[in-house]
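**Q** Sharing a structure below in C-alpha cells format, with a few things to ask.
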Amino acid sequence: MMKNNLIEISLASFADRDQIYQIRHEVYAKELKQHSENAEKLCRDKLDDFNVYVTAKINDQIAGFISITPPDKNNYSIDKYFKREQLPFMVDEGLFEIRIFTILKAYRGTSIALALVWAAFRWIQSNGGTSIMAIGRSEVLD
C-alpha cells in the first residue's frame, strides 16, 4: 500500500482537478451515495471555480485531497445548510472553509489524512486565515 513510498503534498494542478472531479464522483456518488451518479462521471460545484485543492500523491498518483474555500468570494458550502445568523462564529475576511476531505479507499487509516489537514491549516495560515470552519457527515467518520 504505502510502505516505503513518500507522500508528496502540493497544490492541485489543472490536470489534477480533472482527476479530483472523477474521484469525487467515484467516492461521493458511487460509494457513499451522497450525490447522484451522472454520465460524465464527474462531481464538481460552483465553488470549484475559485477554491484551492491540496493533494497528497504516492508515486505521482492522487491518494487524497482536501479543498479550501477562501473568504474573498464570501461564498461557502456551509451556506447550503445554515443561515449565516445561525452560525456560532463570525463570518469575516479571515474565515476559510475546508471541505471535501477525501482519502482513496486504499489509503484510509494512513498518515495521509494528517498530512493533508496539516497542509491545509498551514496554507490557510500563510494566506491570512484566522479561523477555519468545516462541516461533515457523521455516518462517514469510519
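The values are calculated or read from the model by the stated rules, or taken from the named source; none is laboratory data. Everything numeric here is computed off the predicted structure, so don't read it as measured data. Heads up, the Cβs are rebuilt from the backbone with ideal geometry, glycines too, and the neighbour counts pull from every protein chain shown. To get the accessible areas, we keep the full protein, side chains included, count just its heavy atoms, and leave off ligands, DNA and RNA. Shrake-Rupley method; radii C 1.70, N 1.55, O 1.52, S 1.80 Å.
**Q** What do you get for trypsin sites (Lys or Arg not before Pro) in segment 57-98 restricted to DSSP loop and a cutoff of at most 12 other Cβ within 10 Å of the site's Cβ?
**A** Lys83
**Q** How far apart, in nanometres, would the label points at Lys46 and Leu87 be if each is projected 7 angstrom from Cα along the Cα-to-Cβ direction?
**A** Result: 1.6 nm between the two label points.
**Q** Sticking with this one: Please state the relative contact order of the chain as a whole percent: Cα pairs under 8 Å, 6+ residues apart?
**A** Across the chain, relative contact order equals 24 percent.
**Q** Taking a 21 Å limit on the Cα-Cα distance, which of the listed pairs Lys57/Lys80; Lys73/Lys105; Lys46/Lys80 fall beyond it?
**A** Over 21 Å apart, Cα to Cα: Lys57/Lys80; Lys73/Lys105.
**Q** Identify which of Ser77, Ser36, Ser67 has the largest mean-square fluctuation in a Gaussian network model of the chain, with springs joining Cα atoms closer than 10 Å.
**A** Ser36
**Q** DSSP loop trypsin sites (Lys or Arg not before Pro) in segment 95-124 with at most 15 other Cβ atoms within 10 Å of their Cβ, which ones?
**A** Here the sparse-neighbourhood loop sites are Arg108.
**Q** Taking the structure as given and computing mean projected area of the Cα convex hull in nm², which label from (i) 12.5; (ii) 9.0; (iii) 10.5 fits?
**A** (ii)
**Q** Here's a follow-up. Give the cross-link partners of Lys83 among the aspartates and glutamates, using a straight C-alpha distance below 16 Å as the criterion and excluding same-chain residues fewer than 8 apart.
**A** Cα-Cα hits under 16 Å: Asp92, Glu97.
**Q** Note down the nm distance, to one decimal, between modelled labels 7 Å out along Cα→Cβ at Asp79 and at His35.
**A** About 1.8 nm, to one decimal.
**Q** How far apart, in nm, are two points set 7 Å out from the Cα along the Cα-to-Cβ line at Trp118 and at Glu139?
**A** 3.3 nm
**Q** Carbon and sulfur: what percent of the chain's accessible surface (1.4 Å probe)?
**A** Of all accessible area on the chain, carbon and sulfur atoms account for 53 percent.
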